1. In the range 13-29, which residue that is at pLDDT below 95 and among the β-branched types (V, I, T) is farthest from the chain's Cα centre (by Cα)?
2. If I filter the range 112-121 for residues that are without any contact (Cβ under 8 Å) to a residue 40 or more places away in the chain and in a strand (DSSP E or B), do I get at least one hit?
3. I need the strands (runs of 3 or more DSSP E) fully contained in the range 27-90, keeping only those with at least 2 residues that are in contact with a strand residue (DSSP E or B) (Cβ under 9 Å, 6 or more places away or on another chain), under 17 Å from N14 (Cβ atoms) and of a type in the set (A, V, I, L, M).
4. S57 - would you say it is surrounded by fewer than 17 Cβ atoms within 10 Å (Cβ to Cβ), in contact (Cβ under 8 Å) with a residue 24 or more places away in the chain and closer than 18 Å to V29 by Cα?
5. In this structure, does I41 turn out to be surrounded by 13 or more Cβ atoms within 10 Å (Cβ to Cβ) and either modelled with pLDDT of 95 or more or over 11 Å from the mean Cα position of the chain (by Cα) (or both)?
Amino acid sequence: MTITNYDPKKVTVNVGGRIITGFAESSVVTVSANEDRVTPIVGAQGDVVYSENANESGSVVMTLQTTSASLPYLKGLAIGRQETDVLISDANRDTAETVSGSRCRVTKIPDGKKEKAAGSVDITIFIPRLEYRQG
């Protein structure tokens, strides 16, 4: 039997040298490649060709509380159309990895939600080239 631990406090998101805080209760960050890295093609007789995809871009989505102290900074990046670096580190022993990218952009000014109770808002950052390191 294997027993592992996971602590979300060991996951940090650094955007432009600032540690992002105030994540919503459901998620810290989601990292996604924008396209598959390879496309398998199977011919009529079963021959297989792997077509490599040169698109290494991706997206980072952070769900923040509407009261997050990081929200004005991230909105400012979007409003100012500024490029920034992104570094996501997971220091958990069993899931350790680092994802990074440079010349990234916040893709849009986040929606302005005003609700009965404090809610959440999604911030999406485009990363031209996702770089992964495990361990």
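1. V28
2. Within the range 112-121, none of the residues are without any contact (Cβ under 8 Å) to a residue 40 or more places away in the chain and in a strand (DSSP E or B).
3. Filter on the range 27-90 gives 29-33, 58-65, 84-90.
4. Criteria met by S57.
5. The answer is no for I41.
The values are calculated or read from the model by the stated rules, or taken from the named source; none is laboratory data. These numbers were taken from a predicted model, which means no experiment stands behind them. Backbone-built Cβ (ideal geometry, glycine too); neighbour counts: all protein chains shown.
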